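The values are calculated or read from the model by the stated rules, or taken from the named source; none is laboratory data. Predicted model, so just to flag it, every value in this text is computed and none were measured. We place every Cβ from the backbone using ideal geometry, glycine too, and count neighbours over all the protein chains shown.
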Amino acid sequence: MNGLKNVRQRRDDALAKVGWEQLEALLAEHYRGQGFRVEHVGTAGTGARFDGGIDLKLHREDEYILVQCKHWNAKQVPHNAVHELLGLLVNEGATGAILVSSGEFTRAAIDAATRQGHVQLIDGDALRLMLGARLDRLDASQFTVRTTANGHGRRGRVNRASQRAANAIWWLFSLLGMLVFLWLIQTLLQRTAGTAGPAAQRMEREPGPIPPARGEDDRPMDSVTWHGEVLPEQKQATDAEIREARRRAEESQRIIEQSTPEM
């Protein structure tokens with residue numbers, strides 16, 4: 001879009017606010033009212049990515065006319081557009097061509113169309129008169145702004161069904177994400193409980209070693225309580241006690257020998 005001239009008068013009316021798709025539809029409706037059989041071959045009519053430079057094909061008896069729309073509100077349409085449409089006219093074998101702009105044409109474009117004589121130019125003023133009542137019926141609430149490369153705001157019809165579908169998909173993915181998160185948390189908790197359970201059970205079944213009991217003066221206590229049981233007193237025998245125990249054992253042995261008859 002570099003090198004294009006700005007329009008002398010930039011408009012902000014109903015026609016400037018509609019999208020190029022709607023403009024093509026309005027023109028198709030207009031020419032049908034003029035008795036033409038209209039082929040809407042532009043991207044708005046076919047859904048294709050490219051239209052080959054032709055938006056409408058008009059048929060009436062021996063007439064075959066090509067229509068190209070330029071919904072420009074900020075820049076003037078240059079003479080290149082006229083020459084391109086002339087080339088399409090020859091290739092298609094059409095009897096005429098119409099170049100429509102919602103804004104303005106450059107002086108060079110007007111001269112080229114006049115000199116060739118096969119291309120009719122319809123600028124923004126003529127277009128507004130031509131569409132007249134159809135523009136009055138437009139509901140501005142049905143359109144939303146979209147900025148184009150040539151610097152003017154285009155408005156296209158809001159597809160509310162698509163918006164609702166997009167919102168539903170967003171909520172669905174959010175719900176799935178929440179469910180996955182909760183599942184991960186539950187799985188983690190279950191694994192943690194399963195690991196801690198056997199260890200805790202082993203600790204209950206296998207008590208640790210009995211710690212030595214100590215009194216207040218850090219000396220061994222006579223007895224100690226462990227799990228409700230009183231352990232027997234633990235003392236070390238003295239030498240005198242050992243000798244006395246041996247004496248008693250020897251005396252008992254002599255008594256047994258004396259009292260036992262010989263075989």
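Run down 112, 108 and say which single residue is crowded, with 19+ Cβ neighbours inside 10 Å and either under 40 Å from the mean Cα position of the chain (by Cα) or assigned to a helix (DSSP H, G or I) (or both).
Sole residue among the options that is crowded, with 19+ Cβ neighbours inside 10 Å and either under 40 Å from the mean Cα position of the chain (by Cα) or assigned to a helix (DSSP H, G or I) (or both): 112.
Mind checking which residues of segment 17-40 are among the small types (Gly, Ala, Ser) and surrounded by fewer than 20 Cβ atoms within 10 Å (Cβ to Cβ)?
Within segment 17-40, 25, 33, 35 meet the criteria.
Quick one: in segment 52-99, of everything that is in a loop (DSSP other than H, G, I, E, B) and of a type in the set (A, V, I, L, M, F, W, C), which residue is farthest from residue 36 (Cα to Cα)?
Filtering segment 52-99 for residues that are in a loop (DSSP other than H, G, I, E, B) and of a type in the set (A, V, I, L, M, F, W, C), the one farthest from residue 36 (Cα to Cα) comes out as 74.
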Go through (1) over 23 Å from residue 106 (Cα atoms); (2) at pLDDT 90 or above and name the single condition residue 45 misses. (2)
In this structure, does residue 161 turn out to be part of a helix (DSSP H, G or I), surrounded by fewer than 16 Cβ atoms within 10 Å (Cβ to Cβ) and modelled with pLDDT of 95 or more? no
Looking only at residues in segment 2-33 that are among the acidic types (Asp, Glu) and within 38 Å of the chain's Cα centre (by Cα), which one is modelled with the highest pLDDT? 24
So residue 102 ticks every box in (1) touching a Phe, Trp or Tyr at 6+ places or on another chain (Cβ under 6 Å); (2) surrounded by 18 or more Cβ atoms within 10 Å (Cβ to Cβ); (3) modelled with pLDDT under 95 but one. Which box is left unticked? (1)
Working carefully through the options 85, 99, 23, 27, find the one that is of a type in the set (A, V, I, L, M) and touching a helix residue (DSSP H, G or I) at 6+ places or on another chain (Cβ under 7 Å). 99
